[in-house]
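Notes follow the structure.
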Amino acid sequence: MAVVARPAAKSASDRFAIFKEHLRRQGHKSTSQRDDIAHVFFASKRHISVEELYQAVKQINSRIGYATVYRTMKLLTECGLAVERHFRDGEARYEGTEGQHHDHLICEQCGKIVEFEEPRIETLQGDIAARLGFRFTGHKMELYGVCTDCQRKQARGVREARVLSRDYS
Ligand SMILES: [Zn+2]
Ligand SMILES: [Zn+2]
């Protein structure tokens, strides 16, 4: 089996240096607000929305506004440190690019996002692209469904409803 080389994960300080370099090259001012936002993002959970990030950033610096968080995420995306994702709920979410390629499984009820990678899917896509004459450059896959927890909650709800209708009918 072929071994895929994984690029070494970049530390938060490496990523911060890339961000600073990007700001400098693009002629953007480097501000302490932008720095705070970048630090919070690098330490945050995956698939974070601007609103969630804004709430987290406010804990550190209450003067930072939503628009600054939004613009800083655009800058982090420009320099390849973040990817913007749009799942079905429509809210943009950002994730760091330090991880490997992966796909997403999303719960339609609680919004939980699970990451997975399936080599058979990866291979199949290359085959399909080749068959249709495409040079394959990448893909995005989102599977939607109901997670185990939500299924359990639903099953419990159905059981309780049955008990109720038995008692009161
Ligand atoms: Zn769920
Ligand atoms: Zn992800």
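Under 12 Å from the Cβ of LEU81, count the other residues' Cβ atoms, weight Lys and Arg +1, Asp and Glu -1, and hand me the total. Before the final figure, lay out each step's value.
Details: positive: LYS10, ARG15, LYS20, LYS74; negative: ASP14, GLU21, GLU78, GLU84, GLU95, GLU98.
Cβ neighbours under 12 Å give a net charge of -2.
Which value, in debye to the nearest 20, gives the size of the charge dipole of region 61-133 about its Cα centre, when Lys and Arg are +1 and Asp and Glu are -1 at the Cβ?
That gives a dipole near 380 debye.
Return the unpartnered cysteines for the chain, using a Cβ-Cβ cut-off of under 4.7 Å.
Those would be CYS79, CYS110, CYS150, since no other cysteine Cβ in the chain comes under 4.7 Å of theirs.
Considering amide H positions built from the backbone, and no H for Pro or chain starts, which residues 5 or more places from PHE87, or on another chain, come under 5 Å of its amide H?
ARG93
If you take every residue apart from CYS150 with its C-beta less than 11 Å away from the C-beta of CYS150, what net charge results, scoring Lys and Arg +1 and Asp and Glu -1?
+2
Please state the charge dipole magnitude for region 101-169, taken about the Cα centre, from unit charges on C-beta atoms (+1 on K and R, -1 on D and E), reported in debye and rounded to the nearest 20.
The dipole of region 101-169 has a size of about 340 debye.
Taking the Cα centre of the chain as the origin, how large is its charge dipole in debye, to the nearest 20, when only Lys and Arg (+1) and Asp and Glu (-1) carry charge on their Cβ atoms? Walk me through the intermediate numbers first.
Working: 28 positive and 23 negative charges, 56 e Å.
Computed charge dipole of the chain: roughly 280 debye.
Step through the residues of region 25-41 one at a time and calculate ³J(HN,Hα) from phi using the Karplus curve (6.51 cos²θ - 1.76 cosθ + 1.60, θ = phi - 60°), rounding each to whole Hz and writing x for Gly and Pro.
Result, ordered by residue: 4, 7, x, 8, 6, 9, 10, 5, 5, 4, 4, 4, 4, 4, 4, 5, 4 Hz.
Among LYS10/LYS45; LYS10/LYS58; LYS58/LYS112, which pairs are too far apart, with a Cα-Cα distance over 19 Å? Show your work: numbers first, answer last.
Details: LYS10/LYS45 16 Å; LYS10/LYS58 26 Å; LYS58/LYS112 24 Å.
In this structure, LYS10/LYS58; LYS58/LYS112 exceed 19 Å between Cα atoms.
Along the charge dipole of the chain, pointing to its positive end and built from +1/-1 on Cβ of Lys, Arg, Asp and Glu, which listed residue (GLY111, THR77, SER165) has its Cα farthest out?
Checked the options; the winner is THR77.
Looking at the chain, what % of its DSSP beta bridges pair antiparallel, to the nearest 5?
Rounded to the nearest five, the antiparallel share is 75 percent.
Once Lys and Arg get +1 and Asp and Glu get -1 on their Cβ, which of LEU23, ALA43, THR97 lies farthest toward the positive end of the dipole of region 12-99?
LEU23
Read-outs: derived from the displayed coordinates by stated rules, not from any lab. Keep in mind that what you see is a predicted model, and the values were worked out from it rather than measured. Because the Cβ atoms are built from the backbone with ideal geometry, glycine has one as well, and the counts that use them run over all protein chains shown.
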